[in-house]
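The values are calculated or read from the model by the stated rules, or taken from the named source; none is laboratory data. Because the structure is a prediction, the values reported are computed rather than measured. No Cβ is skipped: glycine too gets one built from the backbone with ideal geometry, and neighbour counts run over all protein chains shown.
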Number of protein chains: 6
Amino acid sequence: MSETFEQFRARREAGNELVLATKNLGIKRFMSLDKVAYDDGALPRKTKELMGLVGSMVLRCNDCIDYHLDTCVQVGCSKEELEEAFSIATLIGGSIVIPHLRHAYMSLEFLFAEHEKKAK
Amino acid sequence: MSETFEQFRARREAGNELVLATKNLGIKRFMSLDKVAYDDGALPRKTKELMGLVGSMVLRCNDCIDYHLDTCVQVGCSKEELEEAFSIATLIGGSIVIPHLRHAYMSLEFLFAEHEKKAK
Amino acid sequence: MSETFEQFRARREAGNELVLATKNLGIKRFMSLDKVAYDDGALPRKTKELMGLVGSMVLRCNDCIDYHLDTCVQVGCSKEELEEAFSIATLIGGSIVIPHLRHAYMSLEFLFAEHEKKAK
Amino acid sequence: MSETFEQFRARREAGNELVLATKNLGIKRFMSLDKVAYDDGALPRKTKELMGLVGSMVLRCNDCIDYHLDTCVQVGCSKEELEEAFSIATLIGGSIVIPHLRHAYMSLEFLFAEHEKKAK
Amino acid sequence: MSETFEQFRARREAGNELVLATKNLGIKRFMSLDKVAYDDGALPRKTKELMGLVGSMVLRCNDCIDYHLDTCVQVGCSKEELEEAFSIATLIGGSIVIPHLRHAYMSLEFLFAEHEKKAK
Amino acid sequence: MSETFEQFRARREAGNELVLATKNLGIKRFMSLDKVAYDDGALPRKTKELMGLVGSMVLRCNDCIDYHLDTCVQVGCSKEELEEAFSIATLIGGSIVIPHLRHAYMSLEFLFAEHEKKAK
């Protein structure tokens, strides 16, 4: 069966530890750039995370989709907003994106359930 | 281990239910467009499903490959025909497609076995 | 030499006329979907156009970049906002996006000059 | 301005001459494979050329689209058939394919005009 | 959980057996071309395997990455050399490559451990 | 007609000036990372430029191909070495790369002619 969202988080964490332990300067700097890319600026973080989500969907990367969905829910995106991002990404990227759309909906179920639980 | 074809079908079904329950009009319409895109027209459905298969292989999406392989076998494509589609897709898309070619052959084993069983 | 922005607009217009004259229902409906996809909704049009821009940059399509840049400037995106979108798209898509980043800056020069002229 | 179809043919021809003059065995063999890939087999050449067209559209390569459109018209594809291929390719590949759809319609105008002239 | 490196090798082997059993001449020839593509020539095999690794990373195919990593370690690439290849691939392909970078580091842990064990 | 290599260089230069004049920190840093990525390290610059060439070909970006071909010739790659890189890139990326292979051969004609002239 496919991975749960929590297994994804653990796998991502373990992988990042290996990557960030590197002495390779190019990789270190690239990871640093990525870390701050979505911070508030002329555009708010929320818009940037939604851009990250759309970029991840049209390029069809489930791990990237899950990461940005996670942060999108954290910064307060509503289901309606996320679905509009899904809709644009599916239109731009085509039906080849549909498997990732299915994946995104499944992840969203987990994330909104978790979010509600925390809110209590 | 990797997913069986039947697990793929169940996962796809569950995901589609979530997607199709959306109120987002853009997603609803996109899914409707996709639903009728492979119907008979100036080109027969079989040719269209084979096109869908080639598109899925060159874009390297196993879920899409499995879906189109499933319908290709249902509409009566022979193994020789499917392999010619595989061959063209691998040539167009290059050796990066080979892992998906391996996947397609594995799926095909299941699908032809299932098809034969039903035929009896 | 490469095309001017106005030549791009004319070429795009001429192509769209041919496409929209089609009797093919699938193409007609796809074009209709695309026409309304960026309208205000739960997310404002500006955010959606910026998403369209990021999607176009990571997928490396100059015609799509130019179209979304044009609408982004029309709906009031500032240079700083557009550059943050460029920055995220280049990070997500990598150095292979740089030629499109150069192209986007060139188009932006034209678009802001045109915008200022109109504002007078 | 953009290239005419005849300029494309000349540029393609000139490039192929350089490629085919190579002594590199890998390139030589790859080009040979490509040369026979669309010949009649279990599937007729026409179906294979349409597959080549769909593959070229979803991967967004105008030179490849033009080459396959040229051969598609030669082997007798009707406008309706080609538009169904366009429709499927645009759906699979998404709105990022639209600039290539516009290009394909423009090429088709030239190709059908040329085809009619020859038929007289 | 995700597949171990040894499970990947077994799955790849099983898939290759199915592919190589084909009677389709196009597939047979493509697989033959691929088999000799990385042999020593004007460029040494090591450089070619590193090229294969970079190509696999920017095109984001874990199975291809794992295969080339395996051969890279066999032909004697050091960790520093592999990380420079990772760094260039991540820069070219962008942050969308990061999940594959994480995967590559995990595979490398296994491969260097295995390599050391054999060396004893 | 298509651009000459010298027109490409001028267009690239003009675009880079615009990009590098930005105050956007993300873009500035990304461009800096790119600038040093191909310097000698555990792997020599020549190998890295060849990797950049292969990455550019499989991702099908003519501007990137031309830039790396230019530097490859400068750092002393022979025609045989470059053709082995072409061969691997075409195999990995498939026949969709062929138009870029044609382009690369045309650029190479210019670059080797220029190189010889300078050598005198």
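Things to note:
- Among the residues of segment C:63-106, those identified as within 27 Å of A:Cys64 (Cβ to Cβ) and either at pLDDT below 95 or of a type in the set (Gly, Ala, Ser) (or both) are C:Ala85, C:Ser87, C:Ala89, C:Gly93, C:Gly94, C:Ser95, C:Ala104.
- Test result for C:Cys64, touching a Lys or Arg at 6+ places or on another chain (Cβ under 9 Å), closer than 21 Å to A:Gly55 by Cα and not charged (D, E, K, R): no
- Filtered by the rule that a residue be of a type in the set (Phe, Trp, Tyr) and within 24 Å of E:Cys61 (Cα to Cα), segment F:31-80 gives a lone residue, F:Tyr38.
- Residue, farthest from the chain's Cα centre (by Cα), within segment C:1-27, restricted to residues that are among the charged types (D, E, K, R) and more than 10 Å from chain D (Cβ to nearest Cβ): C:Glu6
- Just one of the numbered conditions (1) in contact with a helix residue (DSSP H, G or I) (Cβ under 8 Å, 6 or more places away or on another chain); (2) surrounded by 13 or more Cβ atoms within 10 Å (Cβ to Cβ) is not true of C:Ser32: (1).
- Residues of segment C:7-23 classified as within 17 Å of D:Ile96 (Cα to Cα) and in contact with a helix residue (DSSP H, G or I) (Cβ under 7 Å, 6 or more places away or on another chain), total: 6
- Search result, residues across segment A:92-114 that are more than 9 Å from chain B (Cβ to nearest Cβ) and surrounded by fewer than 14 Cβ atoms within 10 Å (Cβ to Cβ): A:Ala113
- Scanning segment C:36-65 for residues that are crowded, with 22+ Cβ neighbours inside 10 Å and within 14 Å of chain F (Cβ to nearest Cβ) yields C:Val54, C:Met57, C:Val58, C:Leu59, C:Cys61, C:Ile65.
- The set of residues in segment A:63-120 being touching a Pro at 6+ places or on another chain (Cβ under 9 Å) and over 18 Å from A:Arg12 (Cα atoms) consists of A:Val75 alone.
- Any chance A:Gly15 is surrounded by 15 or more Cβ atoms within 10 Å (Cβ to Cβ), over 30 Å from C:Ala42 (Cβ atoms) and touching a Pro at 6+ places or on another chain (Cβ under 9 Å): yes
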